[in-house]
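The values are calculated or read from the model by the stated rules, or taken from the named source; none is laboratory data. Values in this document were obtained by computation on a predicted structure and should not be read as measured data. A quick note on method: Cβ atoms are made from the backbone with ideal geometry, for glycine too, and the neighbour counts reach across all protein chains shown. Keep in mind that these areas ignore ligands, DNA and RNA; they rest on the heavy atoms of the full protein, side chains included. Shrake-Rupley method; radii C 1.70, N 1.55, O 1.52, S 1.80 Å.
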Amino acid sequence: MKVELFPPDPETEPRHWVRHDQAFAMMLRPGSIEWGTKRSALETFDYTPGDLALCDRHVGEWVGLVNVTHLQLGISDAALMACSDGAYGEVELHASRKFADPRLSAMVAAAHAEMVAGFPSGRLFLDSLEQAMAVTLVNGHAVRHRPLQFSRGGLNSARLRRIKELVDAKMEGDLSLEEMAQSVGLSTAHFARMFRKSTGGTPHQFVLRQRLERAKGMLRAPDARVLDVALACGFKTQQHFAQVFRGVWGVSPTEYRQELVGSEATGASEARSEDTRLQVISG
């Protein structure tokens, strides 16, 4: 999925665009855009933050007077086709120069926040967002709509074990939704649905939990630096690691280690006291 930020355009003359990928945009600040299939007949649309626009593909459009900051996202054909079970070949969506969809806006806002932070969550997070956006777009904006088919049951134990082994093997690197799906021989959309049925959460949540579980184990080593633990568990920065760790466990990695050291010291002291009492009794 492509995520691009576009500030107001200083070019005043209308320009001709032809998009061959499926793209849509969310407005981040109030403003307006002129659209039209003819340069001589442009229509002005006024936008507020959160408004969406779904672009035509393979159709030339004239665009001018872009004085609004917006985030543009490109959704791959593979994601759209996976959500429609490949029924349409190239999935065709209804273009709309202005519409509202709170669920879609919330997902775009999450992509924007991830971009502002420097994409710390990795490729899998964006893949999961793209898949969720594709489902929403196909359900609500497909020209020839076909309801999504949901499978009964979830992944069997062998497939779940294979996924866990893959996550463990690629803990330090970036892992994509497509790679996880391919490892068990499923399409990305089918895999995401089956995985949620099996675990109650998304693949991204599962990977995050596995990374944090490994981090807790590594933090038990007294000489392990927090930064080294963060990188070894697939986090790009120590700050992002600390933020996610606190969000799940309620304490920072440093605080967790301090509590661990304190409890171990207390346990050692109690053990020595017990040894002393045994010596007195035996003596």
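Summary of computed values
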quantity	calculated
Lys236 being at pLDDT 80 or above, out of contact with any Leu (no Cβ under 8 Å at 6 or more places or on another chain) and not in a loop (DSSP other than H, G, I, E, B)	no
Lone qualifier among Arg144, Arg161, Arg152 - being under 17 Å from His190 (Cα atoms) and either surrounded by fewer than 13 Cβ atoms within 10 Å (Cβ to Cβ) or modelled with pLDDT of 75 or more (or both)	Arg152
Residues that are aliphatic (A, V, I, L, M), part of a loop (DSSP other than H, G, I, E, B) and crowded, with 17+ Cβ neighbours inside 10 Å, drawn from the range 32-63	Leu42
All positions within the range 227-258 that are over 20 Å from the mean Cα position of the chain (by Cα), crowded, with 19+ Cβ neighbours inside 10 Å and of a type in the set (A, V, I, L, M, F, W, C)	Val229
Among (1) within 27 Å of Cys83 (Cβ to Cβ); (2) of a type in the set (A, V, I, L, M, F, W, C); (3) not in a loop (DSSP other than H, G, I, E, B) - the single one Ala230 does not satisfy	(1)
Matching residues, the range 214-227, being closer than 15 Å to Thr254 by Cβ and in a helix (DSSP H, G or I)	Ala215, Lys216, Met218, Val226, Leu227
Some residue of the range 95-111 being modelled with pLDDT under 90 and in a loop (DSSP other than H, G, I, E, B)	yes
Index of the failed condition, Thr202 passing every other in (1) in contact with a Ser or Thr (Cβ under 7 Å, 6 or more places away or on another chain); (2) open to solvent by less than 30 Å² (accessible area, probe 1.4 Å)	(2)
Pick from the range 210-226, criterion free of Cβ contacts under 8 Å to residues at least 24 places away in the same chain and more than 19 Å from Glu165 (Cα to Cα), ranking: farthest from the chain's Cα centre (by Cα)	Asp223
Residue within the range 181-199 that is at pLDDT below 85 and farther than 30 Å from Asp77 by Cβ present	no
Ser76 vs. criteria closer than 30 Å to Ala192 by Cα and open to solvent by 30 Å² or more (accessible area, probe 1.4 Å)	yes
Qualifying residue in the range 125-138 (condition: open to solvent by 50 Å² or more (accessible area, probe 1.4 Å) and either modelled with pLDDT under 90 or part of a helix (DSSP H, G or I) (or both))	no
Which listed residue is hydrophobic (A, V, I, L, M, F, W, C) and under 25 Å from Trp17 (Cα atoms), from Leu129, Leu80	Leu80
Residue that is in contact with a Pro (Cβ under 6 Å, 6 or more places away or on another chain) and under 27 Å from Ala142 (Cβ atoms), where the choices are Thr69, Thr48	Thr48
Selection count, the range 4-31, where residues are among the aromatic types (Phe, Trp, Tyr) and open to solvent by less than 80 Å² (accessible area, probe 1.4 Å)	2
